[in-house]
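First up is the structure itself, then whatever we jot down about it.
Values in this text are rule-based calculations from the coordinates and carry no lab data. Keep in mind that what you see is a predicted model, and the values were worked out from it rather than measured. For neighbour counting, all protein chains shown are included, and Cβ atoms are generated from backbone atoms with ideal geometry for every residue, glycine included.
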Amino acid sequence: MTTQDAQARSMGAPCYTEMTREQILRILPHRPPMLMVDRLINVVSGESAVGIKETSQDDWYFKGHFEKKAVMPGVMIIEALAQTAAALAMDHLGVYDKDKLVYFMGIDEARFRKMVFPGDVLHLEVFKTHRRGNVWRFKGVAKVNGEVVAEAVKTAMIADN
């Protein structure tokens, strides 16, 4: 257990080593091919998590983007960060079987630093920076091999489905 996990656990926050794809599917309404996160690791309930997305040449968004050199569209990286944040919030609230949805209200400070290619493994780090009622704000950083490829701040609202 990391120091961060121990601190969170001492404050009463549930901590997990991993959230499986099956658990994510119970929380999020997204389904393949739009499900952009394979699993979560280092979850500190309601505070932070790391989503993992293993890209493949077979992923639909690589076809035609671009013909001679496949690159993951930046909007799909932002979507993967958003889904990681949504899973973190929904799990923290104990919302399963989709009786609520996370609606993203804004994306700020989006920056794209490096390209993501087929076969890359995205580490999608999200941190809650603010929460007021049903509105949450997250900072997200996407990395490949420890290098930042994209980042953004997202504001979301959790509402009835």
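So what does log10 I(q)/I(0) come out to for region 62-161 at q = 0.10, 0.20 Å⁻¹, using the Debye formula with one equal point on every Cα and no solvent? Treating every Cα as an identical point scatterer, log10 I(q)/I(0) equals -0.30, -0.95.
Near M115, no amide H atom lies under 5 Å from its own; only residues 5 or more places off or on other chains count, and H is placed 1.01 Å from N. Considering all alpha-carbon pairs of region 8-137, what whole percent are spaced by more than 17 angstrom? In whole percent, the long-distance tail amounts to 58. Pairs spanning more than 25 Å between alpha-carbon atoms, out of K69/K143; K63/K143; K53/K154; K100/K154; K100/K139; K63/K128: K63/K128. Local charge for R21 was computed over the other residues whose Cβ lies under 12 Å away, with Lys and Arg +1 and Asp and Glu -1, and equals 0. In terms of packing, defined here as the mean over residues of other Cβ atoms within 10 angstrom, the peptides 32-44, 99-111 line up highest first as 32-44, 99-111.
Sorting 123-130, 149-156, 51-58 by their mean Cβ neighbour count within 10 Å, with the most densely packed peptide first, gives 149-156, 123-130, 51-58.
Extension gain for A110 to A159 (0.36 nm times residue separation, less C-alpha to C-alpha distance): 15.2 nm. Paramagnetic label reach from F117 (point 7 Å along Cα→Cβ; backbone nitrogen cut-off under 11 Å): within region 53-71, residues 69-71.
Taking the alpha-carbon centroid of each part, what is the distance from region 55-74 to region 22-38 in angstrom? What the calculation gives is 20 Å, centre to centre. Angle of helix 74-93 to the longest C-alpha principal axis of the chain, folded into 0 to 90 degrees and rounded to 10: 20°. Counting only DSSP H runs of at least 4 residues, each contributing -39500 (n - 2.57), and dividing by the residue count of the chain, the helix-based mean residue ellipticity at 222 nm comes to -6500 deg cm²/dmol.
This model, with +1 at the C-beta of Lys and Arg and -1 at the C-beta of Asp and Glu, gives the chain a dipole about its Cα centre of some 320 debye.
Extension gain, T17-R132: 0.36 nm per intervening residue step, less the Cα-Cα distance, totals 38.7 nm.
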